[in-house]
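The values are calculated or read from the model by the stated rules, or taken from the named source; none is laboratory data. Predicted, not measured: the structure shown is a model, and the values here were computed from it. Here the Cβ positions follow ideal geometry from the backbone for every residue, glycine too, while neighbour counts run over all protein chains shown. To get the accessible areas, we keep the full protein, side chains included, count just its heavy atoms, and leave off ligands, DNA and RNA. Shrake-Rupley method; radii C 1.70, N 1.55, O 1.52, S 1.80 Å.
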Amino acid sequence: MREKEIAKWSGILVYLECYKGHIHKAGIELIGEAYRLSRQTREEVYVLGIGEDMERIQEELTGYPIECAYLYETEDEYTPLWYEEIAAECIRRLKPAIVLIGGTLEGRSLAPRLAVAFRTGLTADCTALSIAEDGGLIQTRPAFGGNVMASIVTPERRPQFATVRPGVVEAIEKNNLKDTAYIRKTVQNKNIDIIRVLKSIPVEAQEDITKQKVLVVAGRGVKKKEDLAMLRELAGLLGGKMASSRALVEKGWTKAAEQIGLSGNTVSPEYMITCGVSGTVQFMAGMRNTKNIIAINTDANARIFDVAHYPVCADLYDIVPELIQRLKKGRSEIAEA
Amino acid sequence: MRIAVCMKQVPATSEGDMDKETGMLKRAGLEAIVNTYDLAALEAALCLKEQTGAQIHVFTMGPEKAEAVLRTAYAMGADMGYLICGKEFAGSDVLATSYTLMQAIESVGRFEMILCGRQTTDGDTAQVSGALARWMNMPHFNWVKRIELKDNERFKISYCMEQREVEAEVQSPCLLSVEREAFIPRMPSLKLKISGKKKPIGRISIEDFKNTDVKDYGLSGSATKVKRIFPPKRTEKKEVVSLDKKMAADYIMTVLGSCIQEGLQ
């Protein structure tokens with residue numbers, strides 16, 4: 001794409017995941033990030049929402065520094081083909097330079113379709129965004145497979161698509177700086193012969209590790225699956241949950257929902273005890289904002305010790321049973337008193 | 001029915017070195033394995049084969065040694081395997097990778113279904129499946145946990161979304177990216193392993209594609225460029241404490257202080 005072509009694309013569009021009249025927090029956070037970026041590019045922030053009950057979505061958006069909100073009312077919940085069609089139409093009309101999408105299950109399903117539809121670049125799971133001197137978007141994420149970070153740009157194509165995981169960037173307060181224009185449109189799904197949603201069953205987010213005050217994290221240093229029981233017990237005694245690094249998810253010992261890291265969850269509990277976690281860049285991308293990190297590892301050079309507030313070089317197989325014993329003792333003493 | 005399965009060879013550890021110039025992963029010298037998530041995609045295909053007698057064609061893009069992926073696939077029950085190989089494809093991003101896969105799959109023929117794993121363990125983006133579906137103008141679903149054949153043209157599937165599980169019907173041809181927990185891969189059979197060793201492998205190069213313009217592949221076909229790579233930011237280095245178990249437990253209990261009080265109450 002030539003420079004002249006690129007100049008036709010301007011502004012930052014945030015895709016909002018809407019479900020039953022609610023905006024997923026990833027989208028709200030991205031409005032904050034888009035606003036911060038827009039002050040550097042001096043361009044406007046736009047949002048795009050698709051789903052039912054756009055009246056409520058509009059209310060939820062009121063007060064954020066948005067130039068214009070494109071809200072498409074459809075009674076059909078998200079399916080990739082249908083929502084891509086609507087989003088692509090909006091993008092074609094608006095021609096934003098940047099499109100930010102929350103790295104949720106929906107966002108990561110939609111983003112690649114849109115990127116291909118516009119024959120452009122997509123950087124998944126960015127951990128930081130900034131603006132280059134030439135006005136392009138610098139997308140930072142852990143480099144593929146390495147323990148280094150990479151800054152990625154999309155020099156010749158527009159828009160520049162990036163996804164950001166929930167909990168990675170900060171939302172802003174409503175500041176009533178803009179008199180937002182709302183463009184509402186009702187759309188009819190023409191794809192129901194190809195895809196038909198039969199039913200949608202709510203699932204309780206029981207094991208949501210992102211909402212815990214305390215997490216005990218199992219890493220590669222855990223020798224067998226059965227040993228996870230002891231970490232779960234410790235987490236339970238501390239009133240928290242067990243989580244895991246990617247290594248154990250790949251082994252099939254823990255669930256994807258329990259994974260911390262770039263391809264898992266971003267967490268920021270009050271306390272985290274990592275047990276045998278080496279600390280890859282992709283792991284640390286998901287826990288950087290934890291307030292108190294206690295790291296237990298037998299390798300004194302483990303990377304996790306670079307971020308831990310309380311680095312303890314010791315064997316988890318010694319420490320964890322000891323901690324459990326003490327906590328149990330404390331509990332029974334309280335019960336007796 | 002014909003099913004295409006996309007599989008990838010990845011480094012056994014996810015801690016490979018980077019080329020400081022290009023930001024590309026140095027794969028040489030690293031032990032290579034089949035991306036664990038792709039085995040689930042093959043397993044899903046094998047389940048459908050058992051029900052319908054479908055033919056399974058496996059596609060892998062990579063260097064010569066990625067042939068090992070196809071041997072594994074044969075040992076599990078795949079019918080045909082293709083190695084997409086060529087220096088033109090090096091350095092592909094999501095856009096170029098998915099475009100190459102589309103060209104390769106279309107060079108073989110028409111498939112009623114394409115199956116992919118949730119993500120790779122090296123790229124870690126979970127974005128190539130959706131991109132491939134869009135190149136092929138197919139509907140697709142990620143995070144799929146169940147696939148049921150309804151009739152010859154429709155599948156009933158279940159997949160996860162944020163805080164809900166969805167059941168849907170989708171028409172073929174379609175692409176599904178499956179969850180590993182739902183399709184635990186079978187062990188390779190000894191018999192198939194032996195016969196699979198001699199089984200021919202299809203080789204696909206850029207000459208087999210409809211579009212043979214090298215500009216559209218690899219680094220030059222990629223929309224994104226790595227501008228720079230750098231070490232992650234470190235917090236202030238804390239002194240690592242080496243303690244015996246009693247003292248270490250004392251130390252941690254002190255740190256946990258208030259949190260323990262609350263937990264006990």
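Where in chain B is the longest stretch that carries no trypsin sites (Lys or Arg not before Pro) classed as loop by DSSP and with at most 16 other Cβ atoms within 10 Å?
Longest stretch, sites excluded: B:27-109.
For the range A:1-53, what are the per-bin percents of Cα-Cα distances with bins 10 Å wide, up to the bin holding the maximum?
Going out from 0 Å in 10 Å bins, the range A:1-53 shows 25, 39, 27, 9, 0 percent.
Given a 1.4 Å probe and heavy atoms of the protein chains only, how would you sort A:151, B:242, largest accessible area at the top?
My answer, sorted largest first, is B:242, A:151.
Can you sort B:120, B:254 by 1.4 Å-probe accessible area, starting with the largest?
Final ranking, largest accessible area leading: B:254, B:120.
In the structure shown, do any of A:95/A:174; B:65/B:227; A:251/B:65; B:87/B:225 have a Cα-Cα gap over 21 Å, and if so which?
A:95/A:174; B:65/B:227; A:251/B:65
Kyte-Doolittle cut-off -1.0, length cut-off 18 Å along the helix's own axis using Cα: show which whole DSSP H helices in chain A pass.
Membrane-span-like by this rule: A:25-41, A:80-94, A:105-117, A:316-336.
Other chains' Cβ within 10 Å of B:136-142 residues: what's the mean?
The mean count of partner-chain Cβ atoms within 10 Å per residue comes to 5.
Run through the DSSP bridge list for chain A and note the antiparallel percent, rounded to the nearest 5.
Of those bridges, close to 15 percent are antiparallel.
In peptide A:208-216, what is the residue-averaged number of other protein chain Cβ atoms found within 10 Å of each Cβ?
Counting other chains' Cβ atoms within 10 Å and averaging over A:208-216 gives 1.
Hey, can you rank B:103-109, B:38-44, A:125-131 by average C-beta count inside 10 Å, highest first?
B:38-44, A:125-131, B:103-109
Using only Cα atoms, find the angle between the long axis of helix B:36-52 and the longest principal axis of chain B, and express it within 0 to 90 degrees, rounded to the nearest 10.
Orientation of helix B:36-52: about 40 degrees from the principal axis.
For residue B:150, which lysines qualify as cross-link partners when the Cα separation must be under 18 Å and same-chain residues fewer than eight apart are set aside?
Within the straight-line cut-off, residue B:150 pairs with A:199, B:49.
For peptide A:314-321, how many partner chain Cβ atoms fall within 10 Å of a residue's Cβ, on average?
Neighbouring Cβ atoms belonging to other protein chains average 4 per residue here.
Determine which aspartates and glutamates satisfy two conditions relative to residue B:145: a Cα distance under 15 Å, and not lying fewer than 8 residues away in the same chain.
B:38, B:43, B:162, B:165, B:167, B:169, B:179, B:181
When all alpha-carbon pairs of the range A:105-150 are counted, what percent fall beyond 17 Å?
Percent of Cα pairs beyond 17 Å in the range A:105-150: 47.
Please find the FRET efficiency linking residue B:230 to residue B:65, where r is the Cβ-Cβ separation and R0 is fixed at 25 Å, and quote it to the nearest 0.05.
The pair residue B:230/residue B:65 has a calculated efficiency of 0.25.
Quick one: grab the alpha carbon gyration tensor of the range B:67-128, order the square roots of its eigenvalues as a ≥ b ≥ c, and give me rounded if a/c is under 1.5, else prolate or oblate depending on whether a/b is larger than b/c.
Because its axes are fairly even, with a/c under 1.5, the range B:67-128 counts as rounded.
Could you tell me whether the range A:35-145 comes out rounded, prolate or oblate from its Cα gyration tensor? Rule is a ≥ b ≥ c as square roots of the eigenvalues, rounded for a/c under 1.5, then prolate if a/b exceeds b/c, otherwise oblate.
The shape class here is oblate.
Which value in nm describes the separation of the simple spin-label points at residue A:59 and residue A:174, placed 7 Å from the Cα toward the beta carbon?
Result: 1.1 nm between the two label points.
Counting only residues 5 or more places away or on other chains, whose amide H sits under 5 Å from the amide H of residue A:141 once H atoms are built in the peptide plane?
Residues meeting the amide H criterion: A:127, A:150, A:152.
So what is the 222 nm mean residue ellipticity for the protein assembly as shown from helices alone, if each DSSP H run of at least 4 adds -39500 (n - 2.57) and you divide by all residues, rounding to the nearest 500 deg cm²/dmol?
Helix-only estimate at 222 nm: -9000 deg cm²/dmol.
Taking 4 °C and 1.567 mPa s as the conditions, I'd like the Stokes-Einstein D for chain B in µm²/s, using the Kirkwood hydrodynamic radius from alpha carbon pairs.
63 µm²/s
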